[in-house]
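Trainee: Have a look at this one.
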Amino acid sequence: MKRILFVLSLLMIALNTTFCSKQVQKEGNPLLEEAQTPYGVPAFDRIEAKHYEPAFEYAMSLHNEEVAAILANKEEPTFDNTILELDRSGMLLANISDVFGMMCAAMNNEDMQEIQEKVMPLLTAHYDAISMNEELFKRIKVVYDKRNSTDLNAEQIRLVEKMYTNAVRQGALLNEEQKERLQKINEELSLLTVKFDNNLLAETNDFKLELKAKEVTELPKAVRDAAKDSKDENRFIFTLHKPSLIPFLTYSKNRELREEIYKAYLNRCSNDNDHDNKAIINDIMRLRIEKANLLGYKSYADYVTSEQMAGSPKAVYALLEDIFTSANEKAKEELAEMEKMFKRDYTDSDAKFESWDWWYYAEKVRKQKYSLNEEMTSPYFALDNVRQGAFNLANRLYGLTFRPVVVPQYHNEASAYEVLDNDGSHLGVLYFDFHPRASKSQGAWCGYFRRPSYDRNGKRIAPVASIVCNFTRPSGSTPALLSIDEVTTLFHEFGHALHFLFSDVTYNGLLDVEGDFVELPSQIMENWALEPELLKTYAVHYRNNTVIGDNLIDKIRRSAQFNQGFMTTELLAAALADLDIHSLTKYKEFDVESFEYNALYEKRGMIHEIEPRYHLPYFAHIFAGGYSSGYYFYTWAEVLDKDAFAAFAETGDIFHRRTAQAFRKLLASGGKRDGMSLYREFRGAEPSREPLLKARGLWVEPEPTEEDENLNNAETN
């Protein structure tokens, strides 16, 4: 008895010590305290880098306790005591991870990078330990095996099946030695992806093209103003960030400078220096192939696509190769047109059109064929007006209202809006962060600081989402003016935000959709961006407040298919290189640049004047993001988005409210059912490729069959 009391005493001391330690961790840490901010947004005015590590430690410990409580339950495993409790566990950790991930992309620095390199392997090990826990998997399997013989509804059965499948995909059926190896692989991969991304950020920021005033006289004033050095008005700085790079490639007459800056962009992380990613790519691929094989898949591409709408690499190749061939042929026609202009500028027989010439001569062709250039359109696309255009569209389709709110901000350039539903109720909060800076990753994205969910009492927890871009800054009295491509980018990311805001899923495990579905909500918004009726609500000249005219709208619409051969080819080239490298079934050290060249130029005959949208050494989507074996997602989803927009057009009203409500229902469903089933329910049919091919100018009318001709003859007679 004394021994039992002694053991109990020790246990109480240990528990109290743990409790006190947790209290110390929790006190004064804004990531762990119950939100006292408006709408429960993160306390950005108080969060510092030093808070993340102890917050992760506390949240992982709490998550372990939640899982331990499930395992300690001696009752027979049921949906409520196992699946539901596991689904509810780890929410604090998930929310901290969301904030940290967004900040690493938008506000990175040496402190954050150091925390990343330390924390990411720990997080990976933490989740692996749970997903590979044999006793926990046994409980999941008991419920899984009985799922169809109990009173579970369809949504609950879906959650059980997803939880079981995810556990298997994460190694639950492996033996102990295999689990140990998989855990090691995952830890190494988590660290390698962080290093890849940090190398890319450093390499992008390292390059600057500094020019004097006399060297930029031919550039449009807006481009010069954006590049002007604030400390020296006679110095202009161009960087590898797209809002700086693309205008320079488009307007600079100096071919040597175009070559210099474009090659610097193309060669990032492939310069055999401290930021080179080629060895990292080899390590990542070695580990991914081993992981796929360990889990019973031929390749990593097989592993990834098996849970997507596509189902297999074969289905993806069938889509990409067909469109790529047509796009490459279209690009050859575009090149031939530009080469005529090039030969007039460079009469030397040795002069050859190169990839750094494409933007410059494409702009010349656009001006010649359509009497249109960016200088004519950008004054109508002041950033604030374009954002208002997206708000107008959401109101027109769904009855949403956006009102600015004062909340803590992580950067003084960010802004926030409360989103009100059509009945005036709170739907969520949406942040915007628009301009490039050294601490921000390239590109544009939308993520959340707090994911949509329901608490234990069935109360909805509204999401806090954020749209992050790299648009040109305002200059002096001139607001930030967007290109047409940037306009569609804003609408695209806004579509992701609506997807988060509309989410209405009871179980956290059913929040996510398939990867090749995830771009549907974003890409469909691009279809409305340049529609005349919507344009006239937001495209207003920033100087004189005149609404965009029908003549300019007509030019924009007529040029919609301009340069689509190039744009489609460079996009699909990146998707094919991604799929090719992840379709490797065995690892052998390879030369990254040669692999890509052979895959695109030798094997598929891509024209040399086009570079893939991303070369492998800086392809962050697939080596530091969630798109490994999945860059095809954009094209697969484009089939859906063009087909879905056709559903609106077929009503005769592209703002058709009833169709919009049906589409919102689709978005709100998350992963309650598989994406294709949800899409068929919305559309009432299988998606067609025809709208996509027509939108990109790649559609070829099929040859009439003998049956068609007989029918036509009969009708004529």
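The values are calculated or read from the model by the stated rules, or taken from the named source; none is laboratory data. The structure displayed is predicted, hence computed values, not measured ones. Cβ coordinates were reconstructed from backbone atoms using ideal geometry, including for glycine residues, and neighbour counts include every protein chain displayed. These area figures cover heavy atoms from the full protein model, side chains too; ligands, DNA and RNA do not enter into them. Shrake-Rupley method; radii C 1.70, N 1.55, O 1.52, S 1.80 Å.
Trainee: When the accessible area of the chain is split by element with a 1.4 Å probe, what percent falls to carbon and sulfur?
Mentor: Working: 15910 of 32510 Å².
Taking all protein chains in place, the chain shows 49 percent carbon and sulfur surface.
Trainee: Quick check: residue separation of ALA202 and ASN457 times 0.36 nm, minus the Cα distance between them. What number comes out in nm?
Mentor: 87.2 nm
Trainee: Could you tally the net charge around LEU534, taking each other residue with its Cβ under 12 Å from the Cβ of LEU534, Lys/Arg +1 and Asp/Glu -1?
Mentor: Values: positive: ARG396, LYS536; negative: GLU526, GLU531, GLU533.
Local charge sum for LEU534: -1.
Trainee: Next question. Dividing the convex hull volume of the Cα atoms of the stretch 253-370 by its residue count, what figure in Å³ per residue is obtained?
Mentor: Numbers: hull volume 20.3 nm³, N = 118.
With only Cα atoms used, the stretch 253-370 gives 172 Å³ per residue.
Trainee: Pop a pseudo-label 7 angstrom from the Cα along the beta-carbon direction at both PHE655 and ASP384 and give the gap in nm to one decimal.
Mentor: Result: 2.3 nm between the two label points.
Trainee: Would you mind checking the tilt of helix 91-106 against the longest principal axis of the Cα atoms of the chain, expressed as 0 to 90 degrees and rounded to 10?
Mentor: Result, in degrees: 30.
Trainee: Within the chain, what's the longest stretch lacking GluC sites (Glu not before Pro) that sit in DSSP loops with no more than 16 other Cβ atoms inside 10 Å?
Mentor: Result, exposed sites excluded: 414-588.
Trainee: Would you mind checking the tilt of helix 520-529 against the longest principal axis of the Cα atoms of the chain, expressed as 0 to 90 degrees and rounded to 10?
Mentor: 30
Trainee: With Cβ to Cβ distances under 13 Å as the rule, what net charge do the other residues near GLY389 carry (K, R +1; D, E -1)?
Mentor: Charge balance near GLY389 sits at -2.
Trainee: Quote the FRET efficiency, to the nearest 0.05, computed for TYR39 versus GLU533 with a Förster distance R0 of 30 Å and r equal to the Cβ-Cβ distance.
Mentor: 0.35
Trainee: Any idea what angle helix 278-294 forms with the longest principal axis of the chain, computed on alpha-carbon atoms, 0 to 90 degrees, nearest 10?
Mentor: Computed tilt is about 50 degrees.
Trainee: In the neighborhood of ASN508, defined by Cβ-to-Cβ distances under 14 Å, what is the net charge if each Lys or Arg adds +1 and each Asp or Glu adds -1?
Mentor: Net local charge, ASN508 excluded: 0.
Trainee: Among the listed pairs LYS184/LYS298; LYS50/LYS291; LYS440/LYS536; LYS221/LYS263, which have their C-alpha atoms separated by more than 30 angstrom in this model?
Mentor: On the way: LYS184/LYS298 20 Å; LYS50/LYS291 34 Å; LYS440/LYS536 33 Å; LYS221/LYS263 25 Å.
Flagged as over cut-off: LYS50/LYS291; LYS440/LYS536.
Trainee: Quick one: compute a quarter of the convex hull surface over the Cα atoms of the chain and quote it in nm². Display every interim value, and only then the final one.
Mentor: Details: hull surface 153.3 nm².
So the Cα hull casts an average projection of 38.3 nm².
Trainee: Further, regarding this structure: Could you list which residues have their amide H under 5 Å from that of ARG235, counting only those 5 or more apart in sequence or on another chain, with H placed in the peptide plane?
Mentor: Those lying under 5 Å, H to H, from ARG235 are ASP229.
Trainee: Please compute the per residue accessible area over the chain with all protein chains in place, 1.4 Å probe, rounded to a whole number of Å².
Mentor: Heavy-atom accessible area per residue stands at 45 Å².
Trainee: Name the shape class, rounded, prolate or oblate, that the alpha-carbon gyration tensor gives for the stretch 456-591, where a ≥ b ≥ c are the square roots of its eigenvalues, rounded holds for a/c under 1.5, and otherwise prolate holds if a/b is larger than b/c and oblate otherwise.
Mentor: It is oblate, given that a/c is not under 1.5 and a/b is not larger than b/c.
Trainee: Multiply the residue gap between ARG543 and ILE237 by 0.36 nm, knock off their C-alpha separation, and tell me the result in nm, one decimal place.
Mentor: Going from the current span to full extension adds 107.5 nm.
Trainee: Between ASN271 and LYS146, what is the spin-label point distance in nm, taking each point 7 Å from the Cα along the Cα→C-beta axis?
Mentor: 6.3
Trainee: Place a +1 charge on the Cβ of each Lys and Arg in the stretch 573-717 and a -1 charge on the Cβ of each Asp and Glu, then give the dipole magnitude about the Cα centre in debye, rounded to the nearest 20.
Mentor: Details: 17 positive and 25 negative charges, 226 e Å.
With only Lys, Arg, Asp and Glu charged at Cβ, the dipole is about 1080 debye.
Trainee: If you count the DSSP beta bridges with both ends in the chain, what percent of them are antiparallel, to the nearest 5?
Mentor: Close to 85 percent.
Trainee: Where a Cα-Cα gap under 23 Å defines reach, which lysines qualify for LYS665, not counting those fewer than 8 residues away within the same chain?
Mentor: LYS162, LYS459, LYS642
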